[in-house]
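Each value in this text was obtained by applying a stated rule to the coordinates, not by laboratory testing. Here the structure is a predicted model, which is why all the values come from computation and not from measurement. All Cβ positions, glycine included, derive from the backbone under ideal geometry; neighbour counts span all protein chains shown.
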Protein chains: 2
Amino acid sequence: MPSPGRATIADVAREAGVSKATVSRFLNHRDTLLSPDIAARVERAVSALGYSPSPMAQALKRGRSRLIGLVVADVTNPYSVAVLRGAEQACQEAGYLVMLFNLGNDSGREREAMAALASYQVEGFILNTLGRDPDAATEATRQGRPVVLVDRRHSGMQADFVSLDNAQSVQMALAHLQAQGWRELLYVTEPVRGVSSRAEREAAFREACHQSQQGGVGPALAGQTFESHEALPEAPEAPMQALMSALQALRERAGARPAAVLSSNSVVTLRLSAAMARLGWQWGRELGLVGFDDTDWAPHVGPGISTIAQPTHDLGRLAASCLLERLRGLTLAPRQILLPGTLLARGSSQALNPERL
Amino acid sequence: MPSPGRATIADVAREAGVSKATVSRFLNHRDTLLSPDIAARVERAVSALGYSPSPMAQALKRGRSRLIGLVVADVTNPYSVAVLRGAEQACQEAGYLVMLFNLGNDSGREREAMAALASYQVEGFILNTLGRDPDAATEATRQGRPVVLVDRRHSGMQADFVSLDNAQSVQMALAHLQAQGWRELLYVTEPVRGVSSRAEREAAFREACHQSQQGGVGPALAGQTFESHEALPEAPEAPMQALMSALQALRERAGARPAAVLSSNSVVTLRLSAAMARLGWQWGRELGLVGFDDTDWAPHVGPGISTIAQPTHDLGRLAASCLLERLRGLTLAPRQILLPGTLLARGSSQALNPERL
DNA sequence: TTGTAAGCGTTATCAT
DNA sequence: ATGATAACGCTTACAA
């Protein structure tokens, strides 16, 4: 009698009057010649019982699970979600399922996450994490499972790397700001702390400002950097106050020259907007703004926020593709894939016209 | 020799000089008395080898996997993400891992999603889906795995249900709008199409308006409903035009009386904001607004958007708790858990003062 | 208290 | 071309 739960390969074998081995062969090695008669019987039995093999049992036997582990620093971040969607799609098309582990911004749990996923025999990892847990790198390579890094490099981990071209994006943003007449710049970022993408963007900002002062094209840009911290329970107001002061200092420093902010991501952009509201200032009037990450709300805040859109979906797809290639046996030196950003100019970075000053 | 990959129970047994059964007992049934000597030896071997059991093998043997399947209609929706976080946390605390399946707004794949998750032996389901796939319900209960529904009921599925108290929330929003002087109301929702939460909110809106006209407390509220459709590739502008017309009609209808919109969720709120921008109107001036879902950008759009905040995190936690209780053997009639919303009043719904008209 | 052995659902290596 | 059979890593009667 067919068992109460799911049909097993044994059920199918009995139904078709063949051995389990034959059924398995039919399923996995269709190329191996089997008599049409038997093949037909098995086929009928399979569909009659609605049989599909248990991935768990397959994983146990094969050591492979058709599972991809995706570790994300923070699901709340729209960037991560967009990447997730792209990766998920590519994986599903290839017959893989994505297992998500969300760190909830607790960078210490990186290793734990990978261990948990590894225990379910995930065949590879896509990592969009801070990369501050040094053991995590070791762990992954020790297990011999391929890894793809998204947006953030991990020191000492040799793995494929997929990311926005940060340098190009920063240059593009600055060229735009320059063209629109902004002269005194402030780059606002979350604390860099060794996070590679943050470091790259900041370095690119410094470099670009430096270039323009050394007589690059167009008028010179003066630039400074500010690190915006997250609010802590004991001093919930401190970071916001600091941010407001930084913005005020920026304007004083600028004097008559138009001053603008470059924001390192959408979280920072939101903080900045809060600070502007508190100061009673408006984007595109008291200060210009271009921000990384094009969110769905960007067009609706103030006069519209100018953004650098990342090809998030493609980044996710590419990350998954890299991984799948490795799983298919591709052996190659770690690749770096950098995709260009796109500038979406809106009101917040529009040229000041004199009477608005 | 300890194998190259992960240590197995056999490795531990060899290392400790005992049988696999003893190791297994040590791990699973500490209560069963075992000689302290042996226990110590096993313990040492376990930590020496860094052994942890393979959940896959355990699942195969026990038929249980310590996996919870979470099916989400759309990861892009902040509401879903927030619920996900809550559920994830509760599950992890209980030693379960969440396996996420994202439908990407393709409601037809509901059954497929559940089948995929079931094949990995997930012990139960948390469903935040449209509930329009009738088979999905059957499938789950047929498998005898417990299900918790979040936000959306499925017709004919008897399962625990966790959700915002939609009726209370709508009443609260309307009372607020009424108190602030708004009189002509428009409820804008995504197409209802049998999605329970959408239907409930709309019904509550109709009912509340009706009440107020039958001489409820305060001045009467006139209300109508509008369904906002998603843009299609062949007519990308049509839905936006329709929305703009609806807003214009609203104001004409209202004449001198202040008119306001109640938005069914954050996606609709964004669409509405786009329409307002196109009309050159501003929230709190030409039209008032209260929207479901308190997003992080709500304070920064226009004069600040008034919202109905859902206790998303608690909803997620509760959903997980319900499921875990069932897994522990609780047998009870399906429960309904409704949590109240919170109104966050901001500029978009503030009383008009005469000179602003 | 501990060990032996069977079995969970597969796949792969032998024979036949 | 097909069928026994062992093995993957684990749990659990049943023996000892």
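The table below lists the values:
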{"item": "Local electrostatic count at residue B:274 - Lys and Arg +1, Asp and Glu -1, tallied over other residues with Cβ under 14 Å", "result": "0"}
{"item": "Residue range of chain B that is longest and free of GluC sites (Glu not before Pro) which are both DSSP loop and sparsely packed (at most 11 other C-beta within 10 Å)", "result": "B:1-229"}
{"item": "Normalised contact order of chain B, rounded percent, pairs of Cα under 8 Å and 6 or more residues apart", "result": "17"}
{"item": "For the stretch A:147-205 and the stretch B:305-357, distance of Cα centres in Å", "result": "38"}
{"item": "Isotropically averaged projected area of the stretch B:117-194, using the convex hull of Cα atoms (one quarter of hull area), nm²", "result": "6.5"}
{"item": "Interchain or long-range residues, amide H under 5 Å from residue B:126's placed H", "result": "B:69, B:70, B:71, B:148"}
{"item": "Whichever aspartates and glutamates have a C-alpha closer than 16 Å to that of residue A:61, once near sequence neighbours (fewer than 8 apart) are set aside", "result": "A:123"}
{"item": "Over the stretch A:9-53, equivalent-ellipsoid semi-axes from the Cα gyration tensor in Å", "result": "15, 11, 9"}
{"item": "Environment charge of residue A:86, counting only residues whose C-beta is closer than 10 Å and scoring Lys/Arg +1, Asp/Glu -1", "result": "0"}
{"item": "Volume of the Cα convex hull of the protein assembly as shown, divided per residue and given in Å³", "result": "210"}
{"item": "Vicinal HN-Hα couplings computed from phi for the stretch A:227-241 (Karplus, 6.51 cos²θ - 1.76 cosθ + 1.60; Hz; Gly/Pro x)", "result": "9, 9, 8, 6, 5, 9, x, 6, 9, x, 9, 3, x, 5, 4"}
{"item": "Kirkwood-Stokes translational diffusion coefficient of the stretch B:215-357, alpha-carbon pairs, 20 °C, 1.002 mPa s, µm²/s", "result": "122"}
{"item": "Average Cα contact separation per residue, the stretch B:113-232, under 8 Å, 6 or more apart, as relative contact order %", "result": "22"}
{"item": "Copies compared at residue A:62 - label distances in nm, ascending, label defined 7 Å from Cα in the Cβ direction", "result": "2.5"}
{"item": "Copy-to-copy label separations for residue A:27, where each label sits 7 Å from Cα toward Cβ, in nm and ascending", "result": "2.5"}
{"item": "Average projection area in nm² (convex hull over Cα atoms of chain B, one quarter of hull surface)", "result": "23.3"}
{"item": "Percent RCO, i.e. relative contact order, over the stretch B:9-53, from Cα pairs under 8 Å lying at least 6 residues apart", "result": "46"}
